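First the structure, in the form of structure tokens, and then the observations on it.
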Amino acid sequence: MIPGALVVSHGDLGEVLVREATRLIGTESRFESLSTVGLSAAEITDLIEQKIGKEPWIIFTDAPGTSPTVRACAAIKKGQAVVSGVNLGMLISFLIHRNRLSVKELANKMIEDGKRSLELWWPQS
């Protein structure tokens with residue numbers, strides 16, 4: 001089965017990232033977001049578990065050590081993964097490669113591609 005992606009974040013960040021990735025690549029099934037605003041820790045975990053079940057999913061979160069990441073780690077099962085520090089480059093790569101890679105291979109590629117999308121620029125003068 002093709003892995004799904006759930007972007008769990010504070011505020012609307014996940015929704016915006018999913019919307020922009022699908023605008024660039026095209027509409028995809030099993031590619032969704034979840035905001036944690038106003039939710040308790042238990043509610044976050046329950047919503048993630050309801051969404052992903054036991055099927056292959058990668059949960060992307062906005063920052064390591066935060067409630068989205070901690071609750072996603074509590075919710076995953078075998079064949080699922082959590083990748084924190086989500087960015088648009090990761091999600092575009094996910095959509096491009098998810099048809100041909102396992103969850104483990106795909107999660108590792110997301111880390112690699114997410115790092116590759118970071119650059120630092122300084123003024124010329």
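Since every read-out is calculated from the coordinates, none of them should be taken as a lab result. These numbers were taken from a predicted model, which means no experiment stands behind them. All Cβ positions, even for glycine, are placed from backbone atoms using ideal geometry, and neighbour counts span all protein chains on display.
For a modelled paramagnetic label at ALA74, 7 Å from Cα along Cα-to-Cβ, the residues of the stretch 7-41 in reach, with backbone nitrogen under 13 Å, are 39-41. Among GLY79, GLY89, GLY38, the residue with the largest mean-square fluctuation in a Gaussian network model of the chain, with springs joining Cα atoms closer than 10 Å, is GLY38. Quick one: grab the alpha carbon gyration tensor of the stretch 31-125, order the square roots of its eigenvalues as a ≥ b ≥ c, and give me rounded if a/c is under 1.5, else prolate or oblate depending on whether a/b is larger than b/c. Since a/c reaches 1.5 but b/c is at least a/b, the shape of the stretch 31-125 is classed as oblate. Rounded to whole numbers, the Karplus 3J(HN,Hα) couplings from phi for the stretch 21-36 are 5, 6, 5, 7, 9, x, 5, 10, 7, 6, 9, 9, 10, 9, 8, 8 Hz, using 6.51 cos²θ - 1.76 cosθ + 1.60 with θ = phi - 60°, and x at Gly and Pro. Using alpha carbon centroids, what distance separates the stretch 94-125 and the stretch 4-44, in Å? Distance between centres, Cα-based: 18 Å.
Comparing ALA41, ALA81, ALA107 in a Gaussian network model of the chain, where Cα atoms under 10 Å apart are tied by springs, the biggest mean-square fluctuation is seen for ALA41. For the pair HIS97 and THR66 in one chain, pulling the backbone fully straight at 0.36 nm per residue adds 8.4 nm over the alpha carbon distance. Taking trypsin sites (Lys or Arg not before Pro) across the stretch 1-74, the ones in a DSSP loop with at most 16 further Cβ atoms lying within 10 angstrom of their Cβ are ARG30, LYS54.
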